[in-house]
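What follows is a single structure, written as structure tokens, with notes after it.
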């Protein structure tokens, strides 16, 4: 553990907060591909393979994805069936306890908790992936346009991004979520994704700007490569590293933010198909008497978020040209 | 320096103006609206029309915004329609602002008090047990949903153990004198020690929940910054000059490492309001966060407009203070 953890210390001076950190991260892309005979990706992979932090995080993610894919077969019961409904009593505040065939007991309406947790991984994975993809797509568009065109377009886009960043992130998600007449899984994803757009935009724009004056872009321009091809073939691929790092970290944030939205009553109200954040948010009314209903989904969220964070952080260190040896 | 400050303040005016326009239009695009929220489903068509006209919502949005801006310049942000109906928005803000400030200050103080020394020690003993524990802890810290941690703390220390109060800002029935609206400060000023202690006890759990993420971030930035500085040539020079370790640490290492840390503290302070929305809800803490959540639920335009604009302003101002504090910490910035 120690060897890998300490490596993160020799990161470039992370001067500043979110904006500055994004720009610093973006700048790591500007160095362009392989200058020491080994490509950055190859040398990064060589270090990652031996990094226990990365391996632990990757193991968590792989397990999570496998469970999500296989959950229909892993779950012993139908997650929507109220099999233990007879043991639920709202008046006496009773919720089915663990019993034969139901190792974790039932939820507020008598559905098998373990099956719901297993199947819930699917929706949780979906929320995380879609929110990240939408946020990335939006940021990619804004950031590339701003960074590639420069001038007044750049100024305009970045002012919009600055205004978006000046609102605390959850408040923004909260605002977007409130924009729809009735919340659903889709609005949750959209709300969480919107928060990520300015972050990705800033990251990509910084990376684009750093590359505009770099040698490999200059060389391509001198060779007469069309501007569009320069952007898509030369500049964008070089920005991929920091973008992948950020996307991995965002996956964790998206899952946590989705849970927060559920907690604030802006989650998907239809709970027939389970999702961890929604299960956690929905358990808030019974948490004092039945904390296990919150603990299980919360535990799953924490472990998965940790997995993505570990991979993101170790990727960041590995892709940092400063750490190449 | 002065010109820089003025330019930044001018920029702030621009951001606030644009933001106020966006918020204004966007709030009115929300489904529902104050009329439905006030009258519910039962309101007759006539009553709805009357109330709409009364709130001025029947006019074109540009006219509404013009009026809003005109009144806002003279300090009138309209009357609340849902959070505390009838009270002026600014009154609600002033009443709740101290609560959130108190909570945020305690949270950020906790985060700084633990984050910087631990981050420094972790960097000094890199690879040691404290370092590993701190790094793992800070990674887990950001993976735990804030509201769940708040629940956990409340469940453990308030419900199960009963050591600390579970909700609110002050125990009911305690006859405390109000001076500033900051309850702890009030207690100290009026020498009502029991009131101050009671208010502080109410702050501990929510502040702990709110402090986790800033703590984790400050810890990691401090650690990374100190590690960076320890590698610098001037530290080696100082060592070879024969300066004592304590002088090197104080003057060379800590001072240089503080730059990114201060920025982080600023950003985290600004972002606290988002966490406060969640924490205040769990602990039924009557601050801005609670008003915001309630404002959304009841579509209280005046309150929401004011709160969101204020939140953004605080965020931008805090970061301005941070940028200015560079000049104090780092003389190189001053000459620029």
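The values are calculated or read from the model by the stated rules, or taken from the named source; none is laboratory data. Predicted model, so just to flag it, every value in this text is computed and none were measured. With ideal geometry, Cβ positions are generated from the backbone for all residues, glycine too; neighbour counts draw on all protein chains shown.
Looking across the range A:103-117, the residues that are in contact with a helix residue (DSSP H, G or I) (Cβ under 7 Å, 6 or more places away or on another chain) and crowded, with 21+ Cβ neighbours inside 10 Å come down to A:106, A:107, A:113, A:116, A:117.
For residue B:128, the conditions (1) under 30 Å from residue B:210 (Cβ atoms); (2) loosely packed, with under 14 Cβ neighbours inside 10 Å; (3) over 32 Å from the mean Cα position of the chain (by Cα) are fulfilled apart from (2).
Residues that are under 24 Å from residue A:260 (Cα atoms) and either more than 14 Å from chain B (Cβ to nearest Cβ) or in contact (Cβ under 8 Å) with a residue 40 or more places away in the chain (or both) do occur in the range A:158-165, at least one of them.
For the range A:250-269, the criterion of a residue being more than 25 Å from residue B:276 (Cα to Cα) and out of contact with any strand residue (DSSP E or B) (no Cβ under 9 Å at 6 or more places or on another chain) is satisfied by no position. Say whether the condition of being part of a helix (DSSP H, G or I), within 28 Å of residue B:311 (Cα to Cα) and away from every other protein chain (no Cβ under 14 Å) is met by at least one residue in the range A:112-128. Within the range A:112-128 (the criterion being part of a helix (DSSP H, G or I), within 28 Å of residue B:311 (Cα to Cα) and away from every other protein chain (no Cβ under 14 Å)), the answer is no, since none of the residues qualifies.
In the range B:218-254, what count of residues is obtained for those that are closer than 13 Å to residue B:120 by Cα and within 14 Å of chain A (Cβ to nearest Cβ)? Total satisfying the criteria: 14.
Any idea how many residues of the range B:1-40 are within 25 Å of residue A:178 (Cα to Cα), more than 14 Å from chain A (Cβ to nearest Cβ) and free of Cβ contacts under 8 Å to residues at least 40 places away in the same chain?
3
Reported count of residues in the range A:143-155, each being surrounded by fewer than 22 Cβ atoms within 10 Å (Cβ to Cβ) and in contact with a helix residue (DSSP H, G or I) (Cβ under 8 Å, 6 or more places away or on another chain), is 5. Which one is nearest to the chain's Cα centre (by Cα) among residues in the range A:278-298 that are over 18 Å from residue A:114 (Cβ atoms) and either within 10 Å of another protein chain (Cβ to nearest Cβ) or not in a helix (DSSP H, G or I) (or both)? Out of the qualifying residues, it is A:281.
Filtering the range B:268-324 to residues that are outside any helix (DSSP H, G or I) and under 30 Å from residue A:288 (Cβ atoms) leaves B:283, B:284, B:285, B:286, B:287, B:300. Here the condition is being at pLDDT 80 or above, at negative phi, outside any loop (DSSP other than H, G, I, E, B) and surrounded by fewer than 18 Cβ atoms within 10 Å (Cβ to Cβ); of B:119, B:141, B:137, it holds for B:137 alone.
Within the range B:98-109, does at least one residue satisfy the condition of being within 11 Å of chain A (Cβ to nearest Cβ), in a helix (DSSP H, G or I) and out of contact with any strand residue (DSSP E or B) (no Cβ under 6 Å at 6 or more places or on another chain)?
If we filter the range B:98-109 for residues that are within 11 Å of chain A (Cβ to nearest Cβ), which is where we start, we get none.
For the range B:98-109, residues within 11 Å of chain A (Cβ to nearest Cβ), in a helix (DSSP H, G or I) and out of contact with any strand residue (DSSP E or B) (no Cβ under 6 Å at 6 or more places or on another chain): absent.
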